[in-house]
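The values are calculated or read from the model by the stated rules, or taken from the named source; none is laboratory data. Just so we're clear, the structure is a prediction, and the values are computed from it rather than from any experiment. When we count neighbours, we look across all protein chains shown, and the Cβ atoms used for this are built from the backbone with ideal geometry, even at glycine. Please note that ligands, DNA and RNA were not included when accessible areas were found on the heavy atoms of the full protein model with its side chains. Shrake-Rupley method; radii C 1.70, N 1.55, O 1.52, S 1.80 Å.
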Amino acid sequence: MTSSREFRSQEIYVNMGPQHPSTHGVLRLMLRTDGEIVSDVAPMIGYLHRCAEKYGESGTYQMMIPYTDRMDYLAGMNCNWAYCLAVEKLGNVVVPERAEYIRILVGELNRIASHLIAFGTYGLDLGAFTPFFYALDEREKILDLFEMVCGARLTYSYFRIGGVAADLPEGWVKRCHEFIDFFRKRIDEFNELLTYNYIFIRRTANIGVIPANMAVDYGCTGPVLRGSGMRRDTRVDEPYGLYPRLRFHIPIGMGEKGSVGDCWDRYMVRIREMEQSCDIIKQVLKSMPEKGDVRAKVPKAFKPPKGEVYVRSESSKGELGFYLISDGTDRPYRVKARSPSLSNLCVLPAISDGMMIADLVATLGSLDIVMGEIDR
Amino acid sequence: MQIQELFEALKKKFGDQVLELATPASGEPSVTVSAQAVQEVALFCREDSSLEFDQLMCLSGVDYPPEHLAVVYHLHSSTKHHRLVLKAMVPRQEPKLPTVSRVWRTANWHEREAYDLFGIVFTGHANLRRILLPQDWVGYPLRKDYVFPTEYRGIKCHD
Amino acid sequence: MNDSYGVRHLQKHIWENHAFSHIFNADFLGFALMVIAGVALLTFVLVYGMVAVWAERKVAGHIQDRLGPMRVGWHGWLQSLADGVKLMLKEDIIPTMADKPLFILAPPLVFLAAFTAYAVLPFSSRAQLADLDIGVLYITAVTSLGVVGIIMAGWASNSKWPLYGAMRSAALVVSYGVPLGLSMLPVLMLSGSLSLQEIVGNQGGGILHWNLFQALPFMPLAFLVFFISSLAETNRVPFDIAEAESELVGGYHTEYSGINFSLFFIAEYSAMLLSCGVAATLFLGGYLPPAFRTLGMMGLPRLLAWLALGLFLLWRFTSFWERRQFSEALFFAVLTLAGLLLWRTFPHLFWFLTKTGVLFLVMLWLRWTLPRLRIDQMMYMCWKVLTPLAFVNLLGTSLWWMWAN
C-alpha cells in the first residue's frame, strides 16, 4: 500500500428555507449537518419585517389596530385584544360588560382556530396529510362565525378601543353553541387520528425536550412553557377581561409518552387547551348579558395621559405584550410588541443540537411559530 | 413586593447606581439605573432570593431625542409574581451599555433587535448583528430622526 | 434509374446476406409480436398508472372530507390526462450545475425498472409477456434497479436536498430488501417453483387454496412482511422518507420538472401497482377466481347480485341521460362495458385487476392515515422486527411443510 486513501466525511451547510414546506412561512434556518445529524442551527428571521412599530408611531392609536392583525395572522383577534388592552390601560377606559364577554368569545374561538392550524400543520410536518384537512374544516366554521361578526375571515380588526366594533348578529349565539357542541366530539376524533397514533408518538415523544428552567430562561411562554410543565398562563396569573369570573383548567405537559417538555407534550397542551376554550365559551354563552353596550364612549382624537404601560395577554402562541408610551398626543410615542413566537423560536438552536433533520422539523412544528409575529 | 420595596432593595445594594424611581400619575412606575450597572443589577434581580426575576418579558429600546436612548427591561418573577420595570439611559452620541444576554438568554435576540432598530450597542453580546433588517441596511428605523431611504439595492420606493 | 436500381439492389443484398435476414425470415413474426406486445404493455401500464393517480386523488379526497378532482370529466376522471398533457408541455428545467447525462437518464431508469418487471407478471394464464423460469428472481432483480435511478437522480441534481433523498434511499434499499426477499421464500417453498405461472397454478381450487391461507399462521405473516416491505420499496407513507416532502422538500425529485418529473410520478404508481400485482400473484391466487362456487355461491345469491348490479347501472344511466350529463354517461358506459367484457371474456384479468386494486386501495388508505417514520426508526423496523419475523416465518413454514408432506 502506497498510501491509504482516506474516506473523509464532511459537514455540509444547508439552507432550510425561506422557501421550505415546513418552516411555517419565511423562516430560514442555516443548518450545519453531518449526514442526517444536525450539529448547528442558526435561525435567520426578518423576511417578513414591515417595521409595524414605526407604523404604530406614525398613526393615531386607533390606526394601529389593523396592523396588529397582520402580526399573528392566525390569531388576529388575540392581537387586537392585546393592543386594545394596553391602550385602555393607558387611557383608563372602562369596557362595557357585554363587550368583555364578546371579547372572550372571539378570543377563545380564535385560540381554537390557531391551535387547529398548529395541529394540522404539525401532522403535515410529520407526513400525515389528513389531519390538516380535518383541522381546516373546523377552522372554516370558526371563520364563518367571525365573518358574521365582522365581515372578515383573516384580518378582523374587530376590536376597538373601549369595546368591539359591533354587537353580535342575530343567530350568532345559537350557531356558536352548535359549533362548540360539535367540536368537542371532534377533538376525540383528532386524538384517534393523530394523537395516539403509534408512529406519531414515536416521532414526538422524547424529541426536542425543553426543561422548565431552560424554557423560562429563553423567555418561552404559552403552550411551549406549559408543555415543559410550568403552570403559567397570563389569563390566570395576571387576569384581564372577565377571566377571573370563569372556571377553567390550565393543561400542562406531564411527560405522558416521554419526558416532560417534549414535542408530544407541547402538542397535547394545545389539544387540551382547545377543550378548555370550549368550556370557557360555553360558560360565557351561558352568563353573557342579553343586551348592553359593546363600546365605551371614546373620542375620535383619543389622547391618553402621559405615561407608559406594558400589558401582557395570553395569545394562542403565548404571552403577547404591548409596551406603549404616551406623550399626551393622539399618537403613541412608542409601540413595542413583545411577540411570543420570537422568544419561542430562540430556544430552537439550544435544543436542536445532535438532532436528525426529521426531528428538527418535528421540534420546529411543535413550537408553533408564526413569522408575521416574529418579524412584525 | 411592591415597587417601593423593590426600589429600596436595589438602592440598598447598588447605592447611587440606582438613579430614581418614577411613579407617574398614569401608567406603570419604573426604576432607572445607571447604564453601566445594568448587568450587575440584572444579575442581582435574577439571583436574589427575595426578588427572583426569572423572566425577562420584554426588552425595548426607546428614542428620546435629542439626548438619550433608553433601554427598558420588563421583568417578571414566576415564583414571586411581582414585576419590575428597569430603565437605563444611554447618550445618543455613544449608545453603549453592557449586555444582559448572559443573565437571561432570551435577551440575546431582543438586544439584537434593539441594536437593529435603534443602534444601541450592547457590549459583550456574543453575536450583535442586525436581526430583522438586511446586514447592509443603513440607519436605525425606529429612531425619531430616521429618514426613509428612497432606494435599496436598486429597488426604488416612492413616498 | 440507376440510383433506383442501386437502392433496390442494396435492399435485396441486405435482405439476403445481412445478419438481420435470418431474424426476418425465421423469427421475424415472433420479434414483431414481442414489440407489439411490449408497446401494448407500455400503453397499458401508462393508462393503469394514470387511473391509479386519479384513484389516489379521489380516495385521498374522500378520506379527507373533500371531493378531490371534480372538474375534468365526471368526478374528474380525465384529470390525470389533463395533468399529463400539462406536464408534457411544461419546460423541462435542468439545473446549470447538474450532471446532465445522469440527470436526464435517471427518470427513465426509474420508470424502466418498474415497467420491465411487468414482463413476467401473469395477468392471466395466457396474458403474460414472458413466463420465465426464474420470474420471482427477475422481479426482485429488476425492481431493485429503481433505487439506482433514485440515487442517480439525487446525485445528479447537485443539490443538497436531493442528495439527502438519495442517501436515505441508499440506506433504505439494504434495509427493506432483506425482509422483502425473505418473505417471498415461503411461497417458493410451497410452490416449488420460481415461475409465477406455476405459483399461481398451485393455488387453484378456490380461496382456501391461496398461499395466504396455507401453513397458518405463517403465510399470513409472510404476506404482512411482504406488504410492509413493498410499501418501503415503493416509497409510500409511512416509509416515504426518500422524498419526505416536509423534510427534504421533494427528496430526489426536488429539481425535476415537466416530463421528467411526470416520469418519476408514473414510475411510482407503476411500481405500486406492480407490488400489488406481485403480492396478489404470490399470496392471493393471482388471476384465479376466488371460486365462490365451491363456497355455495350459486343460484339465488348469484342471481340477486346480478340483478342488483343491473338495476344500479340502469339507474345511473337514466339519471345521467335525463340530466344530459353525457360525460358521466360515457364514463359509466366505458366502465361498465370494460368490467363486463373483462368479467365475461377475460375472467382471469378481471380477478387479477380486482385483487391488485384492493391491495392498492389499502396502500392509499395507509398513506392518507399514517405519519411518516424517521429513517432510523424505519431501519430499526426493517432489521430488528421484520427480518427476524421473516426468518421465524421461514423456519415455521419449512417445519410445517415437512410435517405436511
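Okay, residues lined up against (1) among the polar types (S, T, N, Q); (2) touching a Pro at 6+ places or on another chain (Cβ under 9 Å):
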site: A:Gly123; (1), (2): no, yes
site: A:Phe146; (1), (2): no, no
site: A:Thr155; (1), (2): yes, yes
site: A:Trp172; (1), (2): no, no
site: A:Phe179; (1), (2): no, no
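Could you tell me whether any residue of segment B:10-30 is part of a strand (DSSP E or B) and surrounded by 20 or more Cβ atoms within 10 Å (Cβ to Cβ)?
yes
Quick test of your reading of the structure: A:Val370 fulfils all but one of (1) open to solvent by less than 10 Å² (accessible area, probe 1.4 Å); (2) closer than 21 Å to A:Glu238 by Cα; (3) within 14 Å of the chain's Cα centre (by Cα). Name the failing condition by number.
So A:Val370 meets the others, but not (2).
Would you please name the residue that is surrounded by the fewest Cβ atoms within 10 Å (Cβ to Cβ), looking only at residues in segment C:336-378 that are modelled with pLDDT of 85 or more and charged (D, E, K, R)?
Among those residues, the one meeting the criterion is C:Asp376.
Which of the residues that make up segment A:318-338 are more than 10 Å from chain B (Cβ to nearest Cβ) and open to solvent by less than 10 Å² (accessible area, probe 1.4 Å)?
Residues satisfying the conditions are A:Gly318, A:Leu320, A:Pro332.
For B:Tyr115, indicate whether it is at pLDDT 90 or above and in contact with a Phe, Trp or Tyr (Cβ under 7 Å, 6 or more places away or on another chain).
Values: at pLDDT 90 or above: yes; in contact with a Phe, Trp or Tyr (Cβ under 7 Å, 6 or more places away or on another chain): yes.
It is true that B:Tyr115 is at pLDDT 90 or above and in contact with a Phe, Trp or Tyr (Cβ under 7 Å, 6 or more places away or on another chain).
When the residues of segment A:312-348 are filtered to those that are hydroxyl-bearing (Ser, Thr, Tyr) and in a strand (DSSP E or B), which remaining residue is nearest to B:Glu113 (Cα to Cα)? It would help to see each step written out before you state the result.
Going through segment A:312-348, the residues hydroxyl-bearing (Ser, Thr, Tyr) turn out to be A:313, A:315-316, A:323, A:326, A:329, A:333, A:339, A:341, A:343.
Those left that are additionally in a strand (DSSP E or B): A:313, A:323, A:326, A:333.
Numbers: A:Ser313: 22, A:Tyr323: 15, A:Ser326: 22, A:Tyr333: 18 Å.
Of everything passing the filter in segment A:312-348, A:Tyr323 is nearest to B:Glu113 (Cα to Cα).
With within 14 Å of another protein chain (Cβ to nearest Cβ), within 25 Å of A:Ser287 (Cα to Cα), open to solvent by less than 20 Å² (accessible area, probe 1.4 Å) and of a type outside the set (D, E, K, R) as the only criterion, which of A:Ala113, A:Ala75, A:Ala82, A:Ala86 stands out?
On the way: A:Ala113 fails: within 14 Å of another protein chain (Cβ to nearest Cβ); A:Ala75 fails: within 14 Å of another protein chain (Cβ to nearest Cβ); A:Ala86 fails: within 25 Å of A:Ser287 (Cα to Cα).
Within the list A:Ala113, A:Ala75, A:Ala82, A:Ala86, the selection yields A:Ala82.
Are there any pairs with C-beta distances below 6 angstrom linking a residue in segment C:331-358 that is in contact (Cβ under 8 Å) with a residue 24 or more places away in the chain to a residue that is in a helix (DSSP H, G or I), with the two at least 6 apart or on different chains, and if so which?
C:Phe331/C:Trp74; C:Phe332/C:Arg316; C:Leu349/C:Leu342; C:Lys355/C:Ala280; C:Thr356/C:Cys276; C:Thr356/C:Gly277; C:Thr356/C:Ala280
Quick check: is even one residue across segment A:305-312 over 30 Å from C:Ala242 (Cα atoms), more than 13 Å from chain B (Cβ to nearest Cβ) and among the basic types (Lys, Arg)?
Checked against the condition, which is being over 30 Å from C:Ala242 (Cα atoms), more than 13 Å from chain B (Cβ to nearest Cβ) and among the basic types (Lys, Arg), segment A:305-312 yields no hits at all.
Please verify whether segment B:56-68 includes one or more residues that are of a type outside the set (Lys, Arg), open to solvent by 10 Å² or more (accessible area, probe 1.4 Å), at the interface with chain A (Cβ under 10 Å from one of its Cβ atoms) and in a strand (DSSP E or B). It would help to see each step written out before you state the result.
Initial filter on segment B:56-68 (of a type outside the set (Lys, Arg)): B:56-68.
With open to solvent by 10 Å² or more (accessible area, probe 1.4 Å) added as a condition, the list becomes B:64-68.
Now restrict to residues that are at the interface with chain A (Cβ under 10 Å from one of its Cβ atoms): B:64.
The next check asks that each one be in a strand (DSSP E or B); those that pass are B:64.
Among the residues of segment B:56-68, at least one is of a type outside the set (Lys, Arg), open to solvent by 10 Å² or more (accessible area, probe 1.4 Å), at the interface with chain A (Cβ under 10 Å from one of its Cβ atoms) and in a strand (DSSP E or B), which makes the answer yes.
So which pairs qualify, if the first residue must be in segment A:118-131 and over 18 Å from C:Leu248 (Cβ atoms) and facing another protein chain (nearest Cβ under 7 Å), the second must be surrounded by fewer than 24 Cβ atoms within 10 Å (Cβ to Cβ) and of a type in the set (S, T, N, Q), the Cβ gap must be under 9 Å, and the two must be at least 6 apart or on different chains?
Listed by first residue and then by second, the contacts come to A:Thr130/C:Gln64; A:Thr130/C:Thr369.
Which of the helices (runs of 4 or more DSSP H) found entirely inside segment A:203-311 contain at least 1 residues meeting this: surrounded by fewer than 17 Cβ atoms within 10 Å (Cβ to Cβ) and of a type outside the set (Ser, Thr, Tyr)? Lay out the reasoning, then the answer.
Details: elements: A:212-217, A:223-227, A:234-237, A:263-287.
Those helices (runs of 4 or more DSSP H) span A:212-217, A:234-237, A:263-287.
Name the single residue that is farthest from A:Ile374 (Cα to Cα) among those in segment A:49-64 being within 14 Å of chain B (Cβ to nearest Cβ) and open to solvent by 60 Å² or more (accessible area, probe 1.4 Å). Please lay out each step first, then the result.
Of all residues in segment A:49-64, those within 14 Å of chain B (Cβ to nearest Cβ) come to A:49-58.
If we keep only those that are open to solvent by 60 Å² or more (accessible area, probe 1.4 Å) too, we end up with A:50, A:55, A:58.
Details: A:Arg50: 11, A:Tyr55: 16, A:Ser58: 21 Å.
Only one residue tops the list, namely A:Ser58.
Out of curiosity, is A:Ile199 in a helix (DSSP H, G or I) and within 18 Å of the chain's Cα centre (by Cα)? Even if it seems obvious, please write down each step before you answer.
On the way: in a helix (DSSP H, G or I): yes; within 18 Å of the chain's Cα centre (by Cα): no.
Against the criterion (in a helix (DSSP H, G or I) and within 18 Å of the chain's Cα centre (by Cα)), A:Ile199 does not qualify.
Quick one: in segment C:288-304, of everything that is modelled with pLDDT of 65 or more and under 30 Å from the mean Cα position of the chain (by Cα), which residue is nearest to C:Phe332 (Cα to Cα)?
Ranking the qualifying residues of segment C:288-304, first place goes to C:Pro289.
Can you find a residue in segment A:356-375 that is in a strand (DSSP E or B), touching a strand residue (DSSP E or B) at 6+ places or on another chain (Cβ under 7 Å) and either more than 9 Å from every other protein chain (Cβ to nearest Cβ) or within 20 Å of A:Val93 (Cα to Cα) (or both)?
No; the residues of segment A:356-375 include none that is in a strand (DSSP E or B), touching a strand residue (DSSP E or B) at 6+ places or on another chain (Cβ under 7 Å) and either more than 9 Å from every other protein chain (Cβ to nearest Cβ) or within 20 Å of A:Val93 (Cα to Cα) (or both).
Could you check segment B:121-149 and list, in sequence order, the residues that are buried (at least 23 other Cβ atoms within 10 Å of the Cβ) and either at positive phi or among the β-branched types (Val, Ile, Thr) (or both)?
Residue satisfying the conditions is B:Ile131 alone.
Open to solvent by 10 Å² or more (accessible area, probe 1.4 Å), in contact with a Ser or Thr (Cβ under 7 Å, 6 or more places away or on another chain) and more than 14 Å from chain B (Cβ to nearest Cβ): does that describe A:Tyr67? Step through it out loud before you land on a result.
On the way: open to solvent by 10 Å² or more (accessible area, probe 1.4 Å): yes; in contact with a Ser or Thr (Cβ under 7 Å, 6 or more places away or on another chain): no; more than 14 Å from chain B (Cβ to nearest Cβ): yes.
So A:Tyr67 fails the test.
Tell me yes or no: at least one residue of segment B:76-86 is more than 22 Å from A:Asp217 (Cβ to Cβ) and open to solvent by 50 Å² or more (accessible area, probe 1.4 Å).
In the first step, residues of segment B:76-86 are kept if they are more than 22 Å from A:Asp217 (Cβ to Cβ); the result is none.
Scanning segment B:76-86, I find no residue that is more than 22 Å from A:Asp217 (Cβ to Cβ) and open to solvent by 50 Å² or more (accessible area, probe 1.4 Å), so the answer is no.
Conditions tested, residue by residue: (1) hydroxyl-bearing (Ser, Thr, Tyr); (2) at pLDDT 60 or above; (3) outside any loop (DSSP other than H, G, I, E, B).
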position	(1), (2), (3)
C:Gln11	no, no, yes
C:Trp15	no, no, yes
C:Phe24	no, no, yes
C:Ile36	no, yes, yes
C:Leu41	no, yes, yes
C:Val59	no, yes, yes
C:Arg66	no, yes, no
C:Ala82	no, yes, yes
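Just give me the residues in segment A:12-46 being surrounded by fewer than 17 Cβ atoms within 10 Å (Cβ to Cβ) and within 14 Å of chain B (Cβ to nearest Cβ), in sequence order.
Across segment A:12-46, the qualifying residues are A:Met30, A:Asp40, A:Ala42, A:Met44.
Output the number of residues of segment C:132-155 satisfying the condition of being open to solvent by less than 50 Å² (accessible area, probe 1.4 Å) and either basic (Lys, Arg) or in contact with a Pro (Cβ under 9 Å, 6 or more places away or on another chain) (or both).
4
Evaluate the following for C:Trp383: is it open to solvent by 20 Å² or more (accessible area, probe 1.4 Å), away from every other protein chain (no Cβ under 14 Å) and in contact (Cβ under 8 Å) with a residue 60 or more places away in the chain? Reasoning before the result, please.
On the way: open to solvent by 20 Å² or more (accessible area, probe 1.4 Å): yes; away from every other protein chain (no Cβ under 14 Å): yes; in contact (Cβ under 8 Å) with a residue 60 or more places away in the chain: yes.
Yes: the conditions hold for C:Trp383.
Considering segment C:202-240 alone, what residues qualify as being among the β-branched types (Val, Ile, Thr) and either under 20 Å from the mean Cα position of the chain (by Cα) or at pLDDT 85 or above (or both)?
Residues of segment C:202-240 among the β-branched types (Val, Ile, Thr): C:207, C:225, C:228, C:234, C:237.
Selection gives C:Val225, C:Ile228, C:Thr234, C:Val237.
Of the residues B:Leu21, B:Leu6, B:Leu10, B:Leu56, which is in contact with a Gly (Cβ under 8 Å, 6 or more places away or on another chain), more than 14 Å from B:Pro98 (Cβ to Cβ) and in contact (Cβ under 8 Å) with a residue 12 or more places away in the chain? Lay out the reasoning, then the answer.
Working: B:Leu21 fails: in contact with a Gly (Cβ under 8 Å, 6 or more places away or on another chain); B:Leu6 fails: in contact with a Gly (Cβ under 8 Å, 6 or more places away or on another chain); B:Leu10 fails: in contact with a Gly (Cβ under 8 Å, 6 or more places away or on another chain).
Checking each option against the conditions leaves just B:Leu56.
A quick yes/no check of all residues on (1) farther than 22 Å from C:Leu359 by Cα; (2) touching a Phe, Trp or Tyr at 6+ places or on another chain (Cβ under 7 Å):
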position: C:Phe28; (1), (2): yes, no
position: C:Leu41; (1), (2): no, yes
position: C:Pro101; (1), (2): yes, no
position: C:Ala106; (1), (2): yes, no
position: C:Phe111; (1), (2): no, no
